[in-house]
1. Among ILE173, ILE18, ILE110, which one shows the biggest mean-square fluctuation in a GNM of the chain, springs joining Cα atoms closer than 10 Å?
2. Per residue, what volume in Å³ does the convex hull of the Cα atoms of the chain enclose?
3. Can you compute the FRET efficiency between GLU186 and VAL138 using 1/(1 + (r/R0)^6), with r the Cβ-Cβ distance and R0 = 45 Å? Round to the nearest 0.05.
4. Label-point separation (nm) for VAL75 and ARG101, each offset 7 Å from Cα along Cα-to-Cβ?
5. What does the charge dipole of the chain about its Cα centre add up to, to the nearest 20 debye, if the Cβ of each Lys and Arg holds +1 and the Cβ of each Asp and Glu holds -1?
6. Which of ASN73, ASN86, ASN150 moves the most in a Gaussian network model of the chain with Cα springs under 10 Å?
7. Using 0.36 nm per residue of separation minus the Cα-Cα distance, give me the extension gain between ASP154 and GLN40 in nm, one decimal.
8. What is the count of Lys pairs in the chain whose alpha carbons sit under 20 Å apart, if the two are 8 or more places apart or on different chains?
Amino acid sequence: MKTDLGPLPAICPMPVLIVAAYGGNGTVDAMNAAWGTISQMDKIVLMIDEDHKTTQSILDRKAFTVSLADRKNLVPADYLGMVSGNRVPDKFVRSGLHAVRSEHVNAPVISEFPITMECELAEVVRTQTMFAVVGKIVNVLADDRIVGENGKIDISEADLILFDQFGWNYNAIGEKAGKAGQAGKELRRSHRGQECWHRVSSASRPGTDPSPGCGGRR
Ligand SMILES: Cc1cc2nc3c(=O)[nH]c(=O)nc-3n(C[C@H](O)[C@H](O)[C@H](O)COP(=O)(O)O)c2cc1C
């Protein structure tokens, strides 16, 4: 049995992204955004309302940063999503967070968050159903303590939080459940010869091997 719940934005988990840009007088504008994702290996898309103070600053400055919130900074992260800089101009100061200027783009890097993407505004998408800003990720900053010897971010050290938009909760990110791109290998092997491989762009998708085309074997 299943229950009909009607139309819902039923994607879970959502990230807890903290978007920041410089305002007109050099203030730091920042907001919480869950509706964001990666659209190309170096592009991030944020579905953010055009009238948010932070959005206006992104459009003015053509640069912004996007940080991933962690458990330690859950309270200020939530505050940035509850209060608008349009009404409370010193909102960022009140959050208790701190920022320094990015070395790569004209935008603030919030010091407290463990991972930050430094972005240039690449595109603004306005359609009947969507307003979105697209950022070109020119650099990622990560706290030394979460970067492993292999040079990759180890999220088990970052204590990131995620947004549950069913219950409006922040959850901690749980344990690793499997290895992406490997967990399905045995199943794929058992169906060898039955697949119809379609060509995909291996350059634009993580973890995809070049496809040999329809009827190809691996
Ligand atoms: C958990 C959470 C997620 C949110 N996600 C988004 C989002 O994806 N897009 C958006 O436009 N607003 C989102 N908001 C609302 C903005 O963060 C909020 O309106 C904020 O006050 C805007 O600030 P600003 O006007 O200072 O830029 C979210 C708020 C919370 C608490």
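1. Taking springs between Cα atoms under 10 Å, the residue moving most is ILE173.
2. Residue-normalised Cα hull volume stands at 181 Å³.
3. With R0 = 45 Å, the Cβ-Cβ based efficiency is 0.70.
4. Using points 7 Å along Cα→Cβ, the separation is 3.2 nm.
5. So the dipole magnitude of the chain works out to roughly 860 debye.
6. ASN150
7. 38.9 nm is the gain from fully extending ASP154 to GLN40.
8. 10
All of the numbers you see were taken from the coordinates with simple rules; none came from a lab. What you are looking at is a predicted structure, and each value in this text was computed from that prediction instead of being measured. Cβ: placed from backbone, ideal geometry, glycine included. Neighbour counts: every protein chain shown.
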